Amino acid sequence: MLIQFTLNGRPVSVEAPAHLTLLTVLRDYFHLTGAKEGCSIGECGTCAVLVDGELVNSCLMLAPKVAARTVLTIEGVSPADGSLSDLQEAFIAYGAVQCGFCTPGMVLAGEALLAQTLTPTREQIRTALAGNLCRCTGYQQIVDAIAAAGAQRKEVN
Amino acid sequence: MAGRQFIGKPARRVDAADKVTGRTRYVADYQLPGMLYARCLRSEWPHAVMTHLDVSPALNVPGVAAVITSADFVDDGRFGFPVRDQYILAHERVRHVGEAIAAVAAETPEAAAAGLHAIRCELEPLPAVFESAQALAPDAPQIGPDRSDGRHPNFLHSEIVRLGDPDRALPQCPVVLDAAYSVAQQEHAYLETEGALAIPTPEGGVVVYASNQSPFINREILASVLGLPADRVRVIQAPVGGSFGGKDDLNYQASAQCAALALKSGRPVRMTFPREESMIASYKRDAMHMRVRLGALPNGDLQVCKFTGRLDSGAYASQSVFTSWRAAVHAMGAYRYEHCHVDIDCVYTNNGYAGAFRGFGNTEVCFAIEQAIDEMADALGQDPLAFRLRNCLRLGDETAFGQRLEESVGLAECLEAVRKASGWDEKRAAYARQPAGPIRRGLGVAAVFHGTSLGAEGADYAASTISVAEDYSIALTSGLTDYGTGAATVFTLIAAEELGTRPERIRLLRPDTNTSLESGPTVASRSTMLGGNAARLAAQNLRQMLDFAAASLLNCPQNRLLRVGEAYIGPSEEPATWERIVDHARSLGLILSAHGRWSAPHIHWDSQAGRGSAYIAYHFGAHVAEVTVDMRTGKTDVTGFWAAHDVGATIFPQGAMGQVYGGVAQGLGYALMEEARYEAGYLQATNFDTYLIPTAKDVPDITCILLEKPYSQGPFGAKNVAEPAMVPAAPAICNAIAHATGRRVRDLPANLERVLLGHALSHSDGGLACKIGLARPR
């Protein structure tokens, strides 16, 4: 079936079987491989993307569900000039990246939270990350990075 | 550090920009024209003989391009070191559920699955053993290979440590402890599952991209089982999405399966594992049963340790020979004794096999000894932290196995650091007085020592190449892999420091058996010391050429040269840029290319005597955990954590701290929730809905203290950190639970029922199947 939606700021349409997940369509039809397959059952969050600003596990969402909606993947997070977003910079500065497999989902989970509040408590950040597993970092520097990016945005605003 | 530009200063991880943008491509992200998808048929029985295997029907399935079995490999694809007991694909017998039997490559994953379905495979089940205690019974079915020494074939290996005569000394000790402990298998749970991509070359060879730890070991196995000369096999390290010891054997098997299918079909072949297949097929941390007997004087002086452990290696040996040695060397903990015997035995069973996992034996034995030390302190009526300080190894002491510690010993300082940072004395006193109620709080401590690198396990060396490219950037290689640890950044910072160039000028190329130098395995927290020293020597060798060229250009002796940033300055005080020096060097005919190789000092271990120098240096550390236990449910929350580690020196601070935070989190999972439980050989948790690992909500904010007792042979004094960061976390948490509840959990994991009831509840017998269609035939 024909699915039309907004992907990383651009209107797109794709002809794909209706039973495919959003993750499969993103990876196999749009060749956007930033969203990963980690478990296929919605437990690990490596496939996370934002749909209308909400963090979802794209491995559990059928692609037709995003018709007429906006989807943001990690590939759409950076500014158009190729530089890094403030949150991506914070991930690097605070050492929040190790193997990197969870990182796209973590950045998007951070963006989803910072859209709600720029001054989250550490507990709120941890709750916002609870659906994204990381086996390397122990989460601490990811929490640090999101808190710092929020504080920086607060200051700019 | 005085005068250092980059070492120990905040730095940008060299591969971080690609990772935060999603540009890093892991094996599953690789897509080539004409690429086939591979999948394995796996055993549904824990132990069986293959009575019939006919793969030809698979070739009639539309889309299937090639099928392979053990017959497609030299010597049936047998491999393994030091025990050669594994096969790339099962040969005649299967010894665990999930063992690969045949592999299919097809146009689509669906066609590959249909091809597997068409294979005719008949397995006749054999009697099996699942309890390590029964593995050596005279009538136990044979799992391990034939032995020529008359021992039971299910006996794999044993290691000992010997000091004095504990059997005579123990009964004379006024205070004695005798307790049994056990740890369960643990799943690595790297978020990227296994994968490999093989591409046939026009010369009849193969190029393999693999999510492996040690590309040179992979090449050696590939060349051997494919019957190809080493120069026809090239392994290029793909980015690795987490490993923790877990990306060895299974990735080598997948690499060889893909390579054989690629050679047979003439097309690129990729294999990636769904999570369930990864968990079922992959090796685990070994389960171990341990008994600890300690003897002490009433004043608190430890006298005797007698430690026995039985390690379940599962169906294959993998690394268990080495794991049991590291376990034996560390089993008594970082304490002084008059008498100490350690005996670690490992045996084969028909459980999934055990292999390398962060800590490598020490994580297992530390759980036992560090709880036993606490129980002994209790018996003596002493504070457990003070008791450790009284008995811990210090500079100049001799270990129980007879090694004098001559430098870089920071254990007492680590214990003092966590005592102060955690508010130990005040909190221990306050929690001892807490009113009875459903919510109990507790504080626990554990210490660790952990030998750096391979030690007397084997030849210990690493090598790097370095060269200046046409665009004046610097290409650096290492034979060691950064699978998330930050080693690539460590090597870059070390080379930048030696050369006096910006780290951004250096490009660390990925390990590639055609372009980097063989450096042994990427294991044992050895990258910073071994790989770091190699990078340092390579950079020093390149620096000599650049200094020579600068002195020539600036017309002065080398000792008159100064550096301002990357530029050189001579007596005329006119700076010469990096580019000018490079150009001048080239005009002199110098090839700006160098290499460095570093070998660890030789040490000797006498395995018959159970004594010797085990490792060139030791990491020391101490953890304090604070817990809250709900006495109505058994739920334990870790509410505070303090970790002090003597790393020798810190090269890349965010990376070192990340290792500590991540290690603590893995230890927390090991302590409270993780259990890769086999029931009659069938793994019971096969995805993250049933195999729970800590989330951001489960891990508290951790206070990390890096102490620096420099080691003279380490690069800038650095030792190791990755494994010991995990090792003492679980016993610290269990000691805190005992402090909170007055009850001790001696078997991991300390889940709700063990904390609440003191024992595990029996589970249903409905589990004799794993997902992915591995249902037990009925």
- Note on the structure: Sorted by chain and number, the residues with a modelled amide H under 5 Å from that of residue B:235, at a separation of 5 or more or across chains, are B:208, B:513, B:514
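Classify region B:344-489 from the C-alpha gyration tensor, please: rounded if a/c falls under 1.5, else prolate or oblate depending on whether a/b exceeds b/c. Don't skip to the answer; put the middle values down first.
Details: a/c = 2.02, a/b = 1.80, b/c = 1.13.
In terms of gyration-tensor shape, prolate.
Normalised by the number of residues in chain B, what is the relative contact order in percent for Cα pairs under 8 Å and 6+ residues apart?
15 percent
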- Query: Separation of region A:89-157 and region B:491-525 by C-alpha centroid, Å?
  - Reply: 29 Å
- Lys/Arg +1, Asp/Glu -1 at C-beta; the protein assembly as shown dipole; positive extreme among B:617, B:32, B:109: B:617
- Message: I'd like the interface area for chains A and B: accessible area of each alone minus the complex, both sides summed, 1.4 Å probe, protein heavy atoms only. What is it in Å² to the nearest 100?
- Response: 3800 Å²
- Note on the structure: chain A: relative contact order from alpha carbon pairs under 8 Å, six or more residues apart, as a whole percent, is 23 percent
- Message: Helix-only mean residue ellipticity at 222 nm, the protein assembly as shown, DSSP H runs n ≥ 4 weighted -39,500 (n - 2.57), per residue, nearest 500. What is it?
- Response: -8000 deg cm²/dmol
- Across region A:86-156, how large is the tail of the calculated P(r) beyond 17 Å, expressed as a percent of all Cα pairs? 29 percent
- Item | Tail weight of P(r) past 18 Å, computed on alpha-carbon pairs of region A:2-76, percent | 26 percent
- Per-residue HN-Hα couplings for region B:493-502, Karplus 6.51 cos²θ - 1.76 cosθ + 1.60 at θ = phi - 60°, whole Hz, x for Gly and Pro? 5, 5, 5, 5, 4, 5, 8, x, 10, 5
- Charge dipole magnitude, Cβ of K and R +1, D and E -1 - the protein assembly as shown, Cα centre, debye nearest 20: 840 debye
- Message: With +1 assigned to the C-beta of every Lys and Arg and -1 to the C-beta of every Asp and Glu, and no other charges, what is the dipole magnitude of region A:27-78 about the Cα centre in debye, to the nearest 20?
- Response: 80 debye
- Message: Restricting things to Cα coordinates, could you compute the convex hull volume per residue of the protein assembly as shown in Å³?
- Response: 180 Å³
- Query: Tell me, how many Å apart are the Cα centres for region B:587-614 and for region B:151-208?
  - Reply: 25 Å
- Take the alpha carbon atoms of region B:646-669, find their center, do the same for region B:351-393, and report the distance between the two centers in whole angstrom. 20 Å
- Query: What accessible area per residue, rounded to a whole number of Å², is obtained for the protein assembly as shown using a probe radius of 1.4 Å?
  - Reply: 35 Å²
- Sparse-neighbourhood loop hits (chymotrypsin sites (Phe, Trp or Tyr not before Pro), region B:300-387; DSSP loop; Cβ within 10 Å at most 10 others) -> none
- Item | Descending semi-axes in whole angstrom, ellipsoid equivalent of chain B, from the Cα gyration tensor | 41, 39, 23
- Task: Go through region B:712-727 residue by residue and turn each phi into a ³J(HN,Hα) via Karplus (6.51, -1.76, 1.60, θ = phi - 60°); whole Hz please, and just put x for glycine and proline.
- Result: 4, 8, x, x, 6, x, 6, 10, 9, 8, 4, 6, x, 5, 8, 3
- Note on the structure: Calc'd 3J(HN,Hα), region B:431-438, phi into Karplus 6.51 cos²θ - 1.76 cosθ + 1.60 (θ = phi - 60°), Hz, glycine/Pro = x, comes to 6, 5, 9, 5, x, 4, x, x
- Summarise the accessible area of the protein assembly as shown (1.4 Å probe, protein heavy atoms) by the percent that is carbon and sulfur. 51 percent
- Item | Label-point gap, in nm, between residue B:563 and residue B:113 - each point 7 angstrom along Cα→Cβ | 5.7 nm
- Note on the structure: Once amide hydrogens are built 1.01 Å from N within the peptide plane, the residues lying 5 or more places from residue B:86 or on another chain with amide H under 5 Å from its amide H are B:79
- As straight-line cross-link partners of residue B:697, the qualifying aspartates and glutamates (C-alpha separation under 19 Å, not fewer than 8 residues apart within one chain) are A:43, A:111, A:123, A:144, B:626, B:630, B:637, B:674, B:689
- Item | Entries in B:247/B:635; B:420/B:709; B:306/B:719 that, when Cα-Cα distance is taken, lie over 22 Å | B:247/B:635; B:306/B:719
- Could you please put A:154, A:36 in sequence from largest to smallest accessible area, using a 1.4 Å probe? A:154, A:36
- So what does residue B:91 come to for accessible area, using a 1.4 Å probe and Å² rounded to 10? 40 Å²
- Item | Cβ-placed point charges (K, R +1; D, E -1), dipole of region B:242-386 about Cα centre in debye, nearest 20 | 860 debye
- Task: Evaluate the Kirkwood expression for the hydrodynamic radius of region B:254-314, namely the inverse of the mean inverse distance over all pairs of different C-alpha atoms, and round to one decimal in Å.
- Result: 16.5 Å
- List every residue whose amide H lies under 5 Å from the amide H of residue A:61, counting only residues 5 or more places away in sequence or on a different chain, with H placed 1.01 Å from N in the peptide plane. A:22, A:23
- What are the principal axis extents of the Cα atoms in region B:70-164, in Å, biggest first? 65, 27, 23
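The values are calculated or read from the model by the stated rules, or taken from the named source; none is laboratory data. Model, not experiment: these values are computed from the prediction. Cβ sites come from the backbone with ideal geometry, for glycine too, and all protein chains shown count toward neighbours. With ligands, DNA and RNA removed, areas are computed over all heavy atoms of the protein, side chains included. Shrake-Rupley method; radii C 1.70, N 1.55, O 1.52, S 1.80 Å.
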